[in-house]
Structures are given as C-alpha cells and as structure tokens.
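The values are calculated or read from the model by the stated rules, or taken from the named source; none is laboratory data. All of these numbers come straight from a predicted model, not from anything done at the bench. Cβ placement follows ideal geometry from the backbone for every residue including glycine, while neighbour counts extend to all protein chains displayed.
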Amino acid sequence: MQKKRNVKILQIGNYPPPVCGWAMQTKFLVEEIRRRGIVCDVLNLNENRKKKSDEYVDVQNGLDYVVKLVRFALRGYRFQVHVNGQSRTGYLLALAAALMGRLAGRPIALSWRGGVHQKYFPTPKSLWRRLPFQLLFRLSNQISCNNLRVKKAIESYGVDSARVAAIPGFSPQYLTFERKPLAPDVESFFQNRHPVFFCYVSYRPEYQLPILRQAMLRFRQSNQHAGFVWLGFPSKEMPAVKDYASSWTTSEREGLLLLGNLPHDEFLTLMSRCFAYIRTPACDGVSSSILEALSLGIPVLASENGGRPANVITYQEGNPQDLCEKLLSLNENYPQAKQQAELPDANDNISRIADWLLNEPIQNAKELRQDFASAD
C-alpha cells in the first residue's frame, strides 16, 4: 500500500472547462485517483490551456509544454496521455510525452480516444503511413481504448494483445447532474419550436455540418415548426459558425439555435428537454453523449460507424436524404422510439480505468466484452 501511495500521476489531455467527453472523463478519473490517496495532476491541453488555474497546470506554447514534461518527469510522475487519430498536433504532443516517459524510465499509459474511422487511424498497411502510430504504441507501456474493435486495430500495428485493455469510457458519473433553468432565449426557442433536436457538434469537417443542414432543410419542408439546437462549439469556432449560418434564409435561421460549450449540468438539462439527439461524426467510436441521451430516455439518430448501440437509429454517413428519412420516421413513430431509448445500468468504468492505470486487478473482466459498441 505504501508503494502505491508513492505513485504520482500526470494526466495529459483536455480538462474542463470547456466540457467535452475527454475532459469529463479526465475530471472523473482525477477525482477517483485522488480518492485513493494518490497524487494526480493535470497538464491541460484543452481550449482554456493558457489560463492559469489551481485546478490544472497551464500550457502556454510548445516549448512550455516540453519544459513542463521534463519538470514532472524529474519529480517522478508517471504520465497518462489521452490521444486520438484526428489531429497531427495531438499526435506530436503524445509522442513528446512518450519519449520523455521512456527517457525517465517510466513509459506512459496511453488512453486512445475515438473509434476506427479516424483521419489517421487505422491506416493502410503501408510502412511509412503506419510508422508514426506504431512508434507511439511501442513507446507506451500500456494502452487503453473504448472497445474491442479499436483494440484489434491497435494490435494490428504489432502491439501485444496483453498491453491493450478495452474498457468502455462511459460511467455512471456522467449522469450525475443538477437540473438548471434554461436561459430566456433558449426557453423561448422551446416554446415556439417542435420537435426540437439536440445536435452536439463542432465546426470541423468530421461533424459534416453541410450534410446536417441539408437534412434539416428537407425535414422542415413538412415540419416547418421544427427546431435544431447546435451546441458544443469552442469559443474560437463561434465566429466561423455564426458567419456560416448568417448566409442562410430567414426561415432556416429562425429554426436554428446556436450555443457554445455549456457546463455539464446545463448540457444534460438541455438534452433532457429535446425531442431527439442527432450525432453526425462517424469517427467517435463509443460516444459518451449518445449514452447520456439514451440514459435520459432521449432517442438517438447517429451516423453508422459499425459500433453504435443496438437501440440507436442509424443513417448512412454523408447522406442527407437518408438522415431526413430517418428523422421523418422517428417523428411518425415517436412513442415506440421513446420506449426503446434506454440504456442498461452502466458499470463504474472510471474505477476500472483507475485500476488499469495503477496496475490493479480489473474486476469482472468478462463484463468488459459486453461493450456498449457490440464490437466483437
């Protein structure tokens, strides 16, 4: 026990605010590790990373990041790094941490975020295109991911199966929230629009906003009072998305409510008031927001990526007509869809990830195969 208490962990990744799936898991994981009496700090890579805070260690620029890696390594910290296959910058930050961990004699724990349809992962079996992630995986001591499909993809890079753990990221902690009153303009939108769809998006290609817009246009031809809430945009994206929507027709703009990134309590309060949730990216693997919606009894329509929960209505990615048809069908058969929108009680996967990170036995290992993504 004394040996475990001497362990010090540095989480490297997104930390709230603003809120996102990565940031919330990091927050819950930090709380669980500290609850066990272990020192745990956060090197924040989120949008707010330059802001000084007692909650995390700020990152001002690339040089500052490297300096702080060195400082924490010299202080005996083990690194847990969160990364996905969507960003070159994110990869380079993870690689720097992995190299520093090796030099310090404490190889990192790598937490893989997302599914098997990401921009740079998995790649064709070309040595030069596969080499970057192969290097990162081999530099890491242990790797976790959300489901068995991703685990198999990581193993295809020549990684020993025993080093890769498939642990769902969703956990009951995500559903603990206090209902908040909605802002007057948001409440007014709900009073004047029906049905209202919840869309958690960003102004990035993988969220396919033009496809979503086309589907909205088609749907509102027969449901002119329908409303769509677009939220989740980091502050740096808001000017671009507002400019994008400003060219729309008056009718389109009136049916759209643009919001930024909300605190977790407000996020789930708003979701619980919506008719259904539309999830456009296919690169997300097991999406926490989808599982949150199902747990709240909110029907979900999502792009097909081969790993959606069985009770999610899927549409062909990039096909606005198919998305519209699924929206129309949902609207016509809502009582049945509402009845099917549920999720079995979630396991405490935050504790499991902490067990994995601290090299403690993971309880109920067989249950890990019953992944929400049905990934076998």
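Residue 247 satisfies every condition listed in (1) at pLDDT below 95; (2) more than 29 Å from residue 145 (Cα to Cα); (3) buried (at least 18 other Cβ atoms within 10 Å of the Cβ); (4) not charged (D, E, K, R) except (3). So, of the residues in region 151-198 that are among the β-branched types (Val, Ile, Thr) and assigned to a loop (DSSP other than H, G, I, E, B), which turns out to be nearest to residue 269 (Cα to Cα)? Per the criteria, the residue is 176.
Any residue at all in region 92-108 that is surrounded by fewer than 16 Cβ atoms within 10 Å (Cβ to Cβ), closer than 26 Å to residue 17 by Cα and outside the structural domain of residue 307 (by TED's automatic domain parsing)? The answer is yes, given that some residue of region 92-108 is surrounded by fewer than 16 Cβ atoms within 10 Å (Cβ to Cβ), closer than 26 Å to residue 17 by Cα and outside the structural domain of residue 307 (by TED's automatic domain parsing).
Residues of region 320-346 that are within 23 Å of the chain's Cα centre (by Cα) and under 16 Å from residue 216 (Cα atoms): 323 alone. Among residues of region 194-210 that are acidic (Asp, Glu), those with a Cβ under 9 angstrom from a residue that is modelled with pLDDT under 95 and surrounded by fewer than 19 Cβ atoms within 10 Å (Cβ to Cβ), sequence gap 6+ or separate chain, pair up as 206/119.
Yes/no per residue for (1) out of contact with any Phe, Trp or Tyr (no Cβ under 9 Å at 6 or more places or on another chain); (2) at pLDDT 95 or above:
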site	(1), (2)
323	no, yes
326	no, yes
339	yes, no
349	no, no
352	yes, no
359	yes, no
366	yes, no
371	yes, no
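The residues of region 109-140 that are in contact with an Asp or Glu (Cβ under 8 Å, 6 or more places away or on another chain), farther than 15 Å from residue 81 by Cα and surrounded by 23 or more Cβ atoms within 10 Å (Cβ to Cβ) amount to a single one, 115. Residue 144 passes all but one of (1) in a strand (DSSP E or B); (2) surrounded by fewer than 18 Cβ atoms within 10 Å (Cβ to Cβ); which number fails? Answer for residue 144: the failing condition is (2). In region 7-50, the residue that is surrounded by the most Cβ atoms within 10 Å (Cβ to Cβ) out of those that are more than 22 Å from the chain's Cα centre (by Cα) and without any contact (Cβ under 8 Å) to a residue 24 or more places away in the chain is 34.
Looking only at region 219-239, how many residues end up being in a helix (DSSP H, G or I) and crowded, with 16+ Cβ neighbours inside 10 Å? Of the residues in region 219-239, 3 are in a helix (DSSP H, G or I) and crowded, with 16+ Cβ neighbours inside 10 Å.
Taking residues in region 289-303 that are surrounded by 23 or more Cβ atoms within 10 Å (Cβ to Cβ), and partners anywhere that are among the acidic types (Asp, Glu), the pairs with Cβ atoms closer than 6 Å and at least 6 places apart or on different chains are 303/317. Each residue in region 182-228 was checked for being under 30 Å from residue 116 (Cβ atoms) and not polar (S, T, N, Q), and 20 of them qualify.
In region 260-288, the residues that are over 17 Å from residue 149 (Cβ atoms) and surrounded by fewer than 21 Cβ atoms within 10 Å (Cβ to Cβ) reach residues that are modelled with pLDDT under 95 and polar (S, T, N, Q) with C-beta atoms within less than 7 angstrom, at least six apart or across chains, in these pairs: 260/235.
Among the residues making up region 168-200, a single one is of a type in the set (Val, Ile, Thr) and either over 29 Å from residue 220 (Cα atoms) or surrounded by fewer than 17 Cβ atoms within 10 Å (Cβ to Cβ) (or both): 176.
Of 11, 25, all but one fail to be in contact with a Ser or Thr (Cβ under 8 Å, 6 or more places away or on another chain) and at pLDDT 95 or above; the exception is 11.
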